[in-house]
Amino acid sequence: MSGTVSTTRVVALHLAIIALLFAANFVLPEYHRGVFSRVLVLATFAMGYNILFGYTGLLSLGHAMFFAAGLYGAGLPLYHLGWNVPLSFVSGIAAGGVLAAAIGVLALRTTGVAFMIVTLMFAQVFFLATLYFTTWTRGEEGLVLPQQARNALDISLTDPSARYMIALALFSVVLLIVLRLVRAPYGRTLIAIRENEERMRMLGYDVFRAKLSAVILSGLFCASAGAAYGLLFGYIGSGFASIQYSILPLLWVLLGGAATTLGPLLGTLFMFYIIDYTSGLTTAYLLFVGLALILLILFFPKGLLGSVRERWLPWLP
């Protein structure tokens, strides 16, 4: 009975958050609605990273390549081949999934620090490839997707309200999928692997297959965020494949709380606004960002939502 009550409470919380974000579209000023559109897409990126880092315990410094694979996989066909938006979006997700499967098979031959270094190396190769094939990508200059091509089912992706609702739809779908996964036996298996991989192997679990599936799922979610980002905001460039976009989701997850379903949203929102606010006050805004991060680590060592769960609300997923 208590399990049913807990499940109802968890589902109600997540649906309430989605409803609150839906209502925000009608009350937020235009600037903040634009900010939230970006935050929702980037929070989806962070949720994908959280599957691998938070729940499976694999620290990757190469997730920018999955985000950028979705970005380029969607943007290049639309720009160069004239594909429509839905087909380009699917193409971006497929590109991320294929890349994640290939990288996973190779990188999972290593563990610990070696896994982190290998993923970083693959990401740098991908980044350099975007700079090398400038005929298609235009490198750091990037490509601006034509406005007339960014229409889906008679909906213009340049419209701020439509952009927000599409970003919210993507975020909501991924959030509910993640919630279902982590509360299912599959999610428990990933957590058990994170806690004691050798014991899971001794119990007969195929640890490699479970970790590979986590890499692929993570890559698919990150690629969906990258594809959506390129199509919604009309720009693709090599900067999105740089090391910065591998470190950012790690920070967002750590801030919000690793292995929490809503932590990536909270961490992304907090980081985005603290940078936005302090950069308007001083050019040394990174000093204040660093100070805020230090204070958070001191008082919320498991992230904002992770610490709340540990201290007051143990039923939070």
Quick one: accessible surface of Arg194, probe radius 1.4 Å, all protein chains present, in square angstrom to the nearest 10. 80
Gyration tensor on Cα atoms of region 212-317, a ≥ b ≥ c root eigenvalues, a/c under 1.5 rounded, else prolate if a/b beats b/c, else oblate, says oblate
Area accessible to solvent at Thr283, 1.4 Å probe radius, in Å²: 140
Ordering Leu61, Leu281 from largest to smallest accessible area (1.4 angstrom probe), what's the sequence? Leu281, Leu61
To the nearest Å, what is the center-to-center distance of region 6-20 and region 110-161, using C-alpha atoms only? 33
To the nearest 10 Å², what's Met165's accessible area with a 1.4 Å probe? 60
Electrostatic dipole magnitude of the chain [Cβ: Lys, Arg +1; Asp, Glu -1; Cα centre; debye, to 20]: 720
Of all accessible heavy-atom area on region 224-269, the percent that carbon and sulfur account for (1.4 Å): 77
Return a whole-number percent for the relative contact order of the chain, with Cα pairs under 8 Å and 6 or more residues apart as the contact set. 31
Residue among Gly280, Gly112, Gly239 with the largest mean-square fluctuation in a Gaussian network model of the chain, springs linking Cα atoms under 10 Å: Gly280
Report relative contact order for region 59-204 in percent, whole number only (criteria: Cα-Cα under 8 Å, sequence separation at least 6). 23
Ignoring ligands, DNA and RNA, what percent of the accessible area of region 1-108 is carbon or sulfur (1.4 Å)? 75
Efficiency of FRET between Ala12 and Glu198 - r from beta-carbon atoms, R0 51 angstrom, step 0.05: 0.85
May I ask you to give the solvent-accessible area per residue for the chain, in square angstrom, as obtained with a 1.4 angstrom probe? 47
Local charge sum around Leu190 (other residues, Cβ-Cβ under 12 Å, Lys/Arg +1, Asp/Glu -1)? +3
Read phi for every residue in region 20-28 and hand back ³J(HN,Hα) as whole Hz from Karplus 6.51 cos²θ - 1.76 cosθ + 1.60, θ = phi - 60°, with x for Gly and Pro. 5, 5, 5, 5, 4, 4, 9, 10, 6
Placing +1 on each Lys and Arg Cβ and -1 on each Asp and Glu Cβ in the chain, then taking the dipole about the Cα centre, the residue among Leu106, Leu286, Thr189 whose Cα reaches farthest towards the positive end is Thr189
With every protein chain in place, region 134-195: carbon and sulfur % of accessible area (1.4 Å): 57
Per DSSP H run of at least 4 residues, take -39500 (n - 2.57); add these up for the chain, divide by its residues and hand me the 222 nm value, nearest 500 deg cm²/dmol. -24000 deg cm²/dmol
Just how far, in whole angstrom, is region 195-262 from region 265-311 if you go by their alpha carbon centroids? 21
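The values are calculated or read from the model by the stated rules, or taken from the named source; none is laboratory data. Quantities reported herein were computed from a predicted structural model and do not represent experimental measurements. All Cβ positions, even for glycine, are placed from backbone atoms using ideal geometry, and neighbour counts span all protein chains on display. Areas reflect the complete protein model, heavy atoms only, side chains present, ligands, DNA and RNA absent. Shrake-Rupley method; radii C 1.70, N 1.55, O 1.52, S 1.80 Å.
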